[in-house]
1. Which residue out of Gly164, Gly216, Gly172 is open to solvent by 10 Å² or more (accessible area, probe 1.4 Å) and closer than 16 Å to Pro291 by Cβ?
2. In region 251-326, which helices (runs of 4 or more DSSP H) lie fully inside it and hold 1 or more residues that are surrounded by 19 or more Cβ atoms within 10 Å (Cβ to Cβ), modelled with pLDDT under 85 and of a type in the set (Phe, Trp, Tyr)?
3. Could you list, in sequence order, all residues of region 143-190 that are part of a helix (DSSP H, G or I), small (Gly, Ala, Ser) and over 23 Å from Leu254 (Cα atoms)?
4. Within region 332-342, can one find any residue that is over 20 Å from Ser171 (Cβ atoms), in contact with a Phe, Trp or Tyr (Cβ under 9 Å, 6 or more places away or on another chain) and assigned to a helix (DSSP H, G or I)?
Amino acid sequence: MAEIFISIAAKISEYAVDLAIRQGQYLFRAGRFIKNLEKEKQKLISTLGSVQKRVEATDKTEQVKDSVLKWINEAEKLVEEVENLETEIETNGGCFKGQCSIGKRYNLLINLNKNGQFDTISFPAPIPGSEYLYPGNIVYFKSTKKAPDQILEALQDDSINLIGLYGMGGSGKTILVKVVGNKAKTMNLFDRVVLATVSQTPDIKVIQKEIAELMGLKFSEENKASRAIRISLGLQSKQRILVILDDVWAKLKLEDIGIPCEEGNQCSCKVLLTTRLRGVCTLMNCQREIPLHLLSEEEAWIFFKEYSGIGDNSPSEVLKVASNVAMECKGLPIAIEAVGSSMKKKPIEV
């Protein structure tokens, strides 16, 4: 009987020693994990601070990448979780039944530290669209008010994708389409309005560059065809986009630029072009051809007085000369503004 008790006692002692050893090993490993956890946490705090400083130093011409902002959010959250865990361990003298997930958070810290080594944290911000096209106001007269109303009406017609505005050089076509672009954006007709100048000798690459910048696109390609594909894909996005092509002198193949709006194709955006020649609108298959009329003599005189500073109370000799000068401007708002402003700086001598 004594031998049995001795054998049982020996076994109990053996289990106790084994338990003590395992507990000691656990405490040793836990202590090492906690120490490594703290080390990785401090490393993440340092990395987080560096990334946040780089974000704060980013100017308004740059846009911080979504991946960077997501990483910052995850890092801040994990640091808070680890600090709460450390407090729990200190309070309880260890993990309760291993439920404090030291290993899991340790691995998360390692991964976040690794992923926080950003070569770049931002990219050039997309250039704003219509709100910067023309920040000023425009004076409408009876002769010119009809055109913007017709353009806006056409822009709201789902069956119309290509609109042409024609009028003499100096009639104010460029300013008008910029103002209409602003208004269309304000009316929520479009998500983005982009403008490119075509000119008498169009350079497709330059036109593509102007459109791409306002769409927030970046080219890695040098050839026009590849750039056209990139612009076309951008125009076929879910965004509603108005493309304004200013100063068109001859038929222009829109597909060469990247605008999928040729005859027979369903246009994924709307195009508004300006030209001096109505024939260009016809050649471009514009679904609406809208004229911009010149000012009447009465309207031209009112406009001229506004810019020249000449009033009805001015000397009759001054009014006579000024009236003749205003008539020489042939109802062209741009000419009237330029000549009137110059006369304001250098008054008429009689």
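1. On the way: Gly164 fails: open to solvent by 10 Å² or more (accessible area, probe 1.4 Å); Gly216 fails: closer than 16 Å to Pro291 by Cβ.
When all the criteria are applied, what remains is Gly172.
2. On the way: elements: 254-257, 278-283, 297-308.
Of the helices (runs of 4 or more DSSP H) lying wholly inside region 251-326, those with at least 1 residues that are surrounded by 19 or more Cβ atoms within 10 Å (Cβ to Cβ), modelled with pLDDT under 85 and of a type in the set (Phe, Trp, Tyr) span 297-308.
3. In the first step, residues of region 143-190 are kept if they are part of a helix (DSSP H, G or I); the result is 143-155, 173-186.
Checking the rest, the ones that are also small (Gly, Ala, Ser) come to 143, 147, 154, 181, 184.
Hits for region 143-190 are Ser143, Ala147.
4. Taking region 332-342 first, the residues over 20 Å from Ser171 (Cβ atoms) are none.
No.
Residue-wise test of (1) assigned to a helix (DSSP H, G or I); (2) open to solvent by 60 Å² or more (accessible area, probe 1.4 Å); (3) modelled with pLDDT under 85.
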{"site": "Glu90", "(1), (2), (3)": "yes, yes, yes"}
{"site": "Leu109", "(1), (2), (3)": "yes, no, yes"}
{"site": "Phe123", "(1), (2), (3)": "no, yes, yes"}
{"site": "Ile138", "(1), (2), (3)": "no, no, yes"}
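To keep it simple, each residue is scored yes or no on (1) open to solvent by 90 Å² or more (accessible area, probe 1.4 Å); (2) part of a loop (DSSP other than H, G, I, E, B); (3) free of Cβ contacts under 8 Å to residues at least 40 places away in the same chain.
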| site | (1), (2), (3) |
| --- | --- |
| Val206 | no, no, yes |
| Ile211 | no, no, no |
| Ser220 | yes, yes, yes |
| Ala225 | no, no, yes |
| Ile229 | yes, no, yes |
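The values are calculated or read from the model by the stated rules, or taken from the named source; none is laboratory data. Just so it is clear, the model here is predicted, and its values are computed rather than measured. Glycine also receives a Cβ, built like all others from the backbone with ideal geometry; neighbour counts cover every protein chain displayed. For accessibility, only protein heavy atoms count, side chains too; no ligands or nucleic acids. Shrake-Rupley method; radii C 1.70, N 1.55, O 1.52, S 1.80 Å.
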